[in-house]
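Inspection log for the structure reproduced underneath, given as structure tokens.
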Amino acid sequence: MNTKSLHLFGLGNALVDVQLQIDDDTFSGLNLRKGGMALVSPREQQALLDRFLHQEPFLCSGGSAANTVIAFAQFGGKAGYGTRLGQDQHGAFYASEFEKLGIELHAELMENEATGTCLVLITPDAERTLNTSLAVNTTFSKEHIAEDAISKSEWLYIEGYKFSEQSGAEAIEHAIYYAKKHGTKIAVTFSDAFIVEYFSEGLRSAVAKADLIFCNEAEALAFTGASTPIEAFRALQESAPNVAMTVGEQGSKVQFGNSTWDIPAVSVVPVDTTGAGDIYAAGFLYGITHGHTPAQAGHLGSAAAAKVISQLGARLHDREFSLLRHQALGL
């Protein structure tokens, strides 16, 4: 009998996406690289945000693992999330949105700390320029790991970005200990090739204990040192019991149990690839936690990824998830 009340508990950064549409003249005065991504301090981020006080932004809660957990909940799964928030307007927004989504949030609102934000500036040419401030996320440590939440979850989902901070890596090690203690399965997503290249020690330690790993082609090549995606996939099969590797237009390669599948991509015209890997993981995890085969789970992840890259932004409307389930699972 399954006594777990949550299907999935994620650990990762909390970022409020602050999306603003601006004209080229305004952008040219900001001294930013168009289409680029920059990591900035809370003070630098606030200075930028203050320049747009006259404009109402579109706010959306996110972060890589948060995107996965949110989509998982929208599919219909029971989920929780562990992270850090500041006691400010963005932290209050983040907490309220998770409450509306029905996600169990483990994140104390910290006094005198800023919530992480990602300022997304969209220019008329549809380019998205990102400025990210991790802010209070950098203080995430092992003291903030909720053993009770992990103990009642079927799966623990770990974001690779947490390995970029020593305290975050230690926190993940602590979380894995609790997962093993309570019979909770462990999924790890690599998050980005730079995590593999520069923070390999913590990532490899987690992968060695994982039940399932998620990565894309570039991350797999960096992790394995292989020269082709097929060689990388074979090497990953030696690293973890189960693997889901996305390969762009070729879809994804899945190994689960003793079987492997090549899952085709759903053909769409890409608009914005932000969040494609996050929602693929959500679809796959929903599938395997709700009685579907790994192949069906892969098809659901693929369909969800195709849908999200055909639009701007990493979130889909609630009504689209039932359509995706019907498309991929016949439900």
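Taken together, the values in this text are just the output of simple stated rules run on the coordinates, not laboratory data. Computed from a predicted structure; not experimentally measured. Neighbour counts are summed over all protein chains in view; Cβ atoms, including those assigned to glycine, are modelled from backbone coordinates with ideal geometry.
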Can you pull out the strands (runs of 3 or more DSSP E) entirely within the stretch 20-131 that have at least 3 residues that are aliphatic (A, V, I, L, M)? 37-39, 116-122
Find all pairs meeting these conditions: Cβ atoms under 6 angstrom apart; at least six residues apart or on different chains; first residue within the stretch 242-264 and at positive phi; second residue hydrophobic (A, V, I, L, M, F, W, C) and not in a helix (DSSP H, G or I). GLY251/ILE263; GLY251/ALA265
Pick from the stretch 275-307 the residues that are of a type in the set (Ser, Thr, Tyr) and within 14 Å of HIS326 (Cα to Cα): which of them is surrounded by the fewest Cβ atoms within 10 Å (Cβ to Cβ)? SER302
Looking at LEU105 and the list (1) within 17 Å of the chain's Cα centre (by Cα); (2) within 24 Å of ALA276 (Cβ to Cβ); (3) of a type outside the set (Ser, Thr, Tyr), which single condition is not satisfied? (2)
Quick test of your reading of the structure: GLY12 fulfils all but one of (1) free of Cβ contacts under 8 Å to residues at least 60 places away in the same chain; (2) more than 28 Å from ASP125 (Cβ to Cβ). Name the failing condition by number. (1)
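Residues are listed down the side, and each one gets a yes or a no for (1) touching a residue at least 24 places away in the same chain (Cβ under 8 Å); (2) surrounded by fewer than 24 Cβ atoms within 10 Å (Cβ to Cβ); (3) assigned to a helix (DSSP H, G or I):
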site: VAL136; (1), (2), (3): yes, no, yes
site: ALA149; (1), (2), (3): yes, yes, yes
site: LEU156; (1), (2), (3): yes, no, no
site: TYR161; (1), (2), (3): yes, yes, yes
site: SER167; (1), (2), (3): yes, yes, yes
site: HIS174; (1), (2), (3): yes, yes, yes
site: ILE186; (1), (2), (3): yes, yes, no
site: PHE194; (1), (2), (3): no, yes, yes
site: LEU203; (1), (2), (3): yes, no, yes
Check ASN67, ASN13 and return the single one that is in contact with a Phe, Trp or Tyr (Cβ under 8 Å, 6 or more places away or on another chain) and either within 30 Å of ILE150 (Cα to Cα) or small (Gly, Ala, Ser) (or both). ASN13
Qualifying residue in the stretch 12-30 (condition: surrounded by fewer than 15 Cβ atoms within 10 Å (Cβ to Cβ), in contact with an Asp or Glu (Cβ under 8 Å, 6 or more places away or on another chain) and within 23 Å of ASP278 (Cβ to Cβ)): no
List every residue pair whose Cβ atoms sit under 8 Å apart, with the two residues 6 or more apart in sequence or on different chains, where the first one lies in the stretch 82-110 and is crowded, with 23+ Cβ neighbours inside 10 Å and the second, anywhere, is assigned to a helix (DSSP H, G or I) and polar (S, T, N, Q). THR83/ASN137; ARG84/ASN137; ARG84/THR139
Meets criteria (touching a Leu at 6+ places or on another chain (Cβ under 7 Å), under 23 Å from GLU159 (Cβ atoms) and not aromatic (Phe, Trp, Tyr)) for LEU300: yes
